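The block underneath contains the structure these notes are about, expressed in structure tokens.
The values are calculated or read from the model by the stated rules, or taken from the named source; none is laboratory data. Quantities reported herein were computed from a predicted structural model and do not represent experimental measurements. Virtual Cβ from ideal backbone geometry, glycine too; neighbours counted across all protein chains shown. Surface areas here come from the heavy atoms of the whole protein model, side chains and all, with no ligands, DNA or RNA. Shrake-Rupley method; radii C 1.70, N 1.55, O 1.52, S 1.80 Å.
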Amino acid sequence: EANISSIEDLNFGYPTNGASEAIFMQLTHLNSKGKRLVVFKEEYEGYSMFAKNINMPLFFVDRDNVEWSLINPINDVFFISQPSSIDGNIWNGFDNFMQSTQDKGISVYIDLAYVGLFEHEAIKLNYKNIDGIFFSLSKIFGVYYHRIGGCFLREENPLLWPMLWFKNLNSI
């Protein structure tokens, strides 16, 4: 369960073939706007592999010791998973991290692909600097090859427009 009190600020929603399709399309869109991807070391490898394949600038940071002076709030965007793909657990430092990024005006995208796979507390998602949330229903319902997912974004992404018409109806 996610506690999203600011969902009304994420005005653009798109059904996709799993979370990874939405993540790739959003990274491609952000790259076209000159953004640099910032990820934690050992975070979901899809983020960095997508970035490398589209020649997006990529910067790795230590999750437990972020060097904030190396992060540029204008050009940098964080992609993180919660529950964390680093260890498969809820990251207890999430709220402190989110508060720090919000205070510094740094954009964050949250990957909730593993929500629902185990029992956990609600994840607080009402931070003003969350610019996107990705989710996967394929994992939760155990239908991995029936790709079901999507995203909610603060700003429109034209690369995701076709998904509004060409969604996977057999999976949905």
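Only a single criterion out of (1) at pLDDT 95 or above; (2) of a type in the set (V, I, T); (3) in contact with a Ser or Thr (Cβ under 9 Å, 6 or more places away or on another chain); (4) open to solvent by 20 Å² or more (accessible area, probe 1.4 Å) is not satisfied by T28, namely (3).
Conditions tested, residue by residue: (1) assigned to a loop (DSSP other than H, G, I, E, B); (2) aromatic (F, W, Y); (3) in contact (Cβ under 8 Å) with a residue 24 or more places away in the chain.
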residue	(1), (2), (3)
G46	no, no, yes
M49	no, no, no
D64	yes, no, yes
P73	yes, no, yes
N89	yes, no, no
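If the condition is being out of contact with any Cys (no Cβ under 7 Å at 6 or more places or on another chain), in a helix (DSSP H, G or I), open to solvent by less than 60 Å² (accessible area, probe 1.4 Å) and not β-branched (V, I, T), then region 8-25 contributes G18, A19, S20, E21, M25. Of the residues making up region 107-150, those that are open to solvent by 50 Å² or more (accessible area, probe 1.4 Å) and at pLDDT 85 or above are K124, N126, K128, F135.
Considering only residues of region 72-92 that are more than 11 Å from the chain's Cα centre (by Cα) and at pLDDT 95 or above, which is least open to solvent (accessible area, probe 1.4 Å)? The extreme case among them is D76.
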